[in-house]
Amino acid sequence: MELFSKKFKEATLKALESRKLVLAAVHWKAKDKLITEAKSREDSETVTQENRDQLPAAMAQKTPKSMLKTAHGFFRTRGLPSFPSSYPEPQYS
């Protein structure tokens, strides 16, 4: 439904063009010029069955350490795991 909103599309494009980290979930059947442009970006990752287990670690590598530390603390204070057990939690220096 968001794809019918001009304001949503404008805000999404603005976020994609910024230096901010953008994480988006898009249904595989969704078709729109915005989705096509976002998926074709050099810095875009598409989840597949082949790469889905490696993506959390790859995303952690691309995420600024300050953001990871904040996310880790947020989840830890709520008693939730912040990272999948398939790879170690980040070490901060």
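For (1) under 26 Å from LEU3 (Cα atoms); (2) of a type in the set (S, T, N, Q); (3) touching a Gly at 6+ places or on another chain (Cβ under 9 Å); (4) at pLDDT 85 or above, each residue gets a yes or a no:
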| position | (1), (2), (3), (4) |
| --- | --- |
| ARG41 | yes, no, no, yes |
| PRO56 | no, no, no, no |
| LYS69 | no, no, no, no |
| PHE75 | no, no, no, no |
| SER93 | no, yes, no, no |
Out of the stretch 30-52, which residues are in contact (Cβ under 8 Å) with a residue 12 or more places away in the chain and of a type in the set (Val, Ile, Thr)? ILE35
Pairs please, first residue from the stretch 1-17 and under 11 Å from LEU34 (Cα atoms), second anywhere and acidic (Asp, Glu) and outside any helix (DSSP H, G or I), Cβ atoms under 8 Å, 6+ apart in sequence or on different chains. LEU3/ASP32
Restricting attention to the stretch 17-25, does a residue exist that is surrounded by 10 or more Cβ atoms within 10 Å (Cβ to Cβ) and polar (S, T, N, Q)? no
Kindly evaluate LEU3 against the criterion of being surrounded by 11 or more Cβ atoms within 10 Å (Cβ to Cβ) and over 15 Å from the mean Cα position of the chain (by Cα). yes
Inspect the stretch 25-45 for any residue being outside the structural domain of PRO64 (by TED's automatic domain parsing), β-branched (Val, Ile, Thr) and assigned to a loop (DSSP other than H, G, I, E, B) and give the result as yes or no. yes
Out of (1) surrounded by 11 or more Cβ atoms within 10 Å (Cβ to Cβ); (2) assigned to a loop (DSSP other than H, G, I, E, B); (3) at pLDDT below 75, the odd one out for LEU80 is which? (1)
Residue under question is THR12, and the condition is that it be at pLDDT 85 or above, surrounded by fewer than 11 Cβ atoms within 10 Å (Cβ to Cβ) and not in a loop (DSSP other than H, G, I, E, B); does it hold? no
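The values are calculated or read from the model by the stated rules, or taken from the named source; none is laboratory data. What you see is a predicted model, and the numbers here were worked out from it, not measured in a lab. Glycine also receives a Cβ, built like all others from the backbone with ideal geometry; neighbour counts cover every protein chain displayed.
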